[in-house]
1. Scan segment 96-116 for residues that are surrounded by 13 or more Cβ atoms within 10 Å (Cβ to Cβ), under 17 Å from residue 11 (Cβ atoms) and among the hydrophobic types (A, V, I, L, M, F, W, C) and jot them down.
2. I'm checking my understanding of the structure. Among residues of segment 33-48 that are surrounded by 14 or more Cβ atoms within 10 Å (Cβ to Cβ) and not aromatic (Phe, Trp, Tyr), which one is nearest to residue 93 (Cα to Cα)?
3. Just give me the residues in segment 86-95 being surrounded by fewer than 17 Cβ atoms within 10 Å (Cβ to Cβ) and under 18 Å from residue 142 (Cβ atoms), in sequence order.
4. May I ask you to list the residues in segment 120-142 that are surrounded by 12 or more Cβ atoms within 10 Å (Cβ to Cβ) and not in a helix (DSSP H, G or I)?
5. Just to be sure, is residue 166 more than 22 Å from the chain's Cα centre (by Cα), over 19 Å from residue 67 (Cβ atoms), of a type in the set (Gly, Ala, Ser) and at pLDDT below 75?
6. Being more than 25 Å from the chain's Cα centre (by Cα) and of a type in the set (Ser, Thr, Tyr) is the filter; apply it to segment 13-60 and report the residue that is modelled with the highest pLDDT.
Amino acid sequence: MKNISFKFILFHIIAAWFFIHAFATASLLFDVALVKGFITEGESYFSTANIGPRRISNFLVATGLSRFLGFIVSVCISFIITRKHKVHWLNVLPLFIVGYFFLFYDFLGWNYLKFIFLLPGDASDIVSVKLTINSVVLLLLGMAVFRFAPIKDKTKDIYNDEKPVANATN
């Protein structure tokens, strides 16, 4: 348990949360016309615009995979940080388990907090610019959390801890 840093894990889970939602927001750029039509007309847009099932399924696949891709990228970044700073690799395992659980069971709390994190995009009325601004802001927040996460300089090697030998001459 000496090698586990709970602050490190918590910060990386938060950073992964930002990455997941940055990728999900950016994935809406896959079909901006579809998103814009849904925003302006609601669900009736799908029946009146004569949108084919292939277009909708491609959009849903792209947006669904984007969250997973954001999660995988954040786990890879976390692993790179642990290797670079010689932090024990077990610190990445809770991120992977908790992140996977939250991602696939949709316990991310995005519906409660999205109005805060999507405010920067309200500066523009153009949907593609709004989505780009929001995804970049979320990605920068995730990178900032990764950057400022508390990291011990080097974890102790518990197997090679040598005690100082007392001087034999008395």
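1. Within segment 96-116, 96, 98, 102, 108 meet the criteria.
2. 35
3. Within segment 86-95, 94 is the sole residue that qualifies.
4. 124, 126
5. Criteria met by residue 166.
6. Residue satisfying both the conditions and the ranking: 40.
The values are calculated or read from the model by the stated rules, or taken from the named source; none is laboratory data. Being a predicted model, the structure only gives us computed values, none of them experimental. All Cβ positions, even for glycine, are placed from backbone atoms using ideal geometry, and neighbour counts span all protein chains on display.
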